[in-house]
């Protein structure tokens, strides 16, 4: 057994300055598979903000995401009724994230470890927001960002107080001294007065409670799981009562670890249909390896059988890993649907379509494609306003060839608190 160390970050006040103190904590991890030196190890994480930056000409962000009704019109409704809460509004939602491959989506991260990657949603079909809002609270070692960070046409950048934002002589926006050509004074905002747009420590506590609650729920009646023919494995929710927010399905980890296809049948074709939460059971005591190929069949006969930036049907699936605390290595196959792993490290080595929620998220290969899990509608949780426009049906694109890589582990940190909802304009 190998003991790694990571840094646990807490804020301490010193006069008028805030510093982040680093407390070394031991974590026992059993390693499985080979080590990839491109993946960040716990002991190599250092996030240090010497003081709050005084960026007086930058617009202040909303004090808290739940107050941000300009970008998210139904934020509180989403927080209360979506399976992932406000985390559903972001392609990657993590305490620590290292982006080593293409992230086709927006991000919300407490600590961005590797800042030299572009990110942003190139296609906005079947996502729950109009704007591509990203929030970065801290940048490791005060590094500069990629010039094409926040690359979506409708990007909104919200940055933590420790990040230096200024305009150069040409009127261009610089982050920690490096130009980011996608940002202007109009789409750049910053935490102010010690507020945090998202309190990750508090919100991850909420996500852990959600994951545990889902995992303790009994499988919904009339779910059919068929694995007798390994070449025709399927899970059918067609006969389940659809007048409920969540449909629970138990699935053994070994099914996801195998290379065979699994088809999920009977997903609602309605935008606000119920969410199917797959509770992954019998996870290993060491690292988990996800290698299956997931296919979807919807109630209207439409199918999704490949990863894509363009989605013709809504995402109604969450893969829940409960309180699992080791590495979840998505190393081959095809994963469709959102991942909820608030205490784990999620290493992404192939294409994944859906939200990725993890204590640590490490993108090493392939692409992540934003595909927000929708907020289900029932008469009990009817929203005050109508949800945002529904995208037109878009033909699925041909999947790209994806490099495989062997995962590992990423640093951890402690969470905070967050809000929710459907977007619109800018804070």
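The values are calculated or read from the model by the stated rules, or taken from the named source; none is laboratory data. Quantities reported herein were computed from a predicted structural model and do not represent experimental measurements. With ideal geometry, Cβ positions are generated from the backbone for all residues, glycine too; neighbour counts draw on all protein chains shown.
Miscellaneous remarks
- Top-ranked residue of the stretch 110-127 - restricted to ones that are in contact with a helix residue (DSSP H, G or I) (Cβ under 8 Å, 6 or more places away or on another chain) and in a strand (DSSP E or B), ranked as farthest from residue 65 (Cα to Cα): 114
- Among the residues of the stretch 335-371, just one is without any contact (Cβ under 8 Å) to a residue 40 or more places away in the chain and either part of a loop (DSSP other than H, G, I, E, B) or in contact with a helix residue (DSSP H, G or I) (Cβ under 7 Å, 6 or more places away or on another chain) (or both), namely 354.
- Subset of the stretch 218-245 [buried (at least 16 other Cβ atoms within 10 Å of the Cβ), closer than 20 Å to residue 315 by Cβ and in contact with a strand residue (DSSP E or B) (Cβ under 7 Å, 6 or more places away or on another chain)]: 220, 223, 234, 235, 236, 237, 240, 245
- The condition of being modelled with pLDDT under 95, part of a loop (DSSP other than H, G, I, E, B) and under 24 Å from residue 376 (Cα atoms) holds for only one of 310, 300, that being 310.
- Qualifying residue in the stretch 158-175 (condition: within 30 Å of residue 378 (Cβ to Cβ) and assigned to a loop (DSSP other than H, G, I, E, B)): no
- Scanning the stretch 118-143 for residues that are surrounded by fewer than 20 Cβ atoms within 10 Å (Cβ to Cβ) and free of Cβ contacts under 8 Å to residues at least 60 places away in the same chain gives 118, 143.
- Taking the listed residues 277, 294, 290, the one that is over 30 Å from residue 243 (Cα atoms) and within 20 Å of the chain's Cα centre (by Cα) is 290, with no other qualifying.
- Set 210, 185, 196: member being within 29 Å of residue 98 (Cβ to Cβ), part of a loop (DSSP other than H, G, I, E, B) and touching a residue at least 12 places away in the same chain (Cβ under 8 Å): 196
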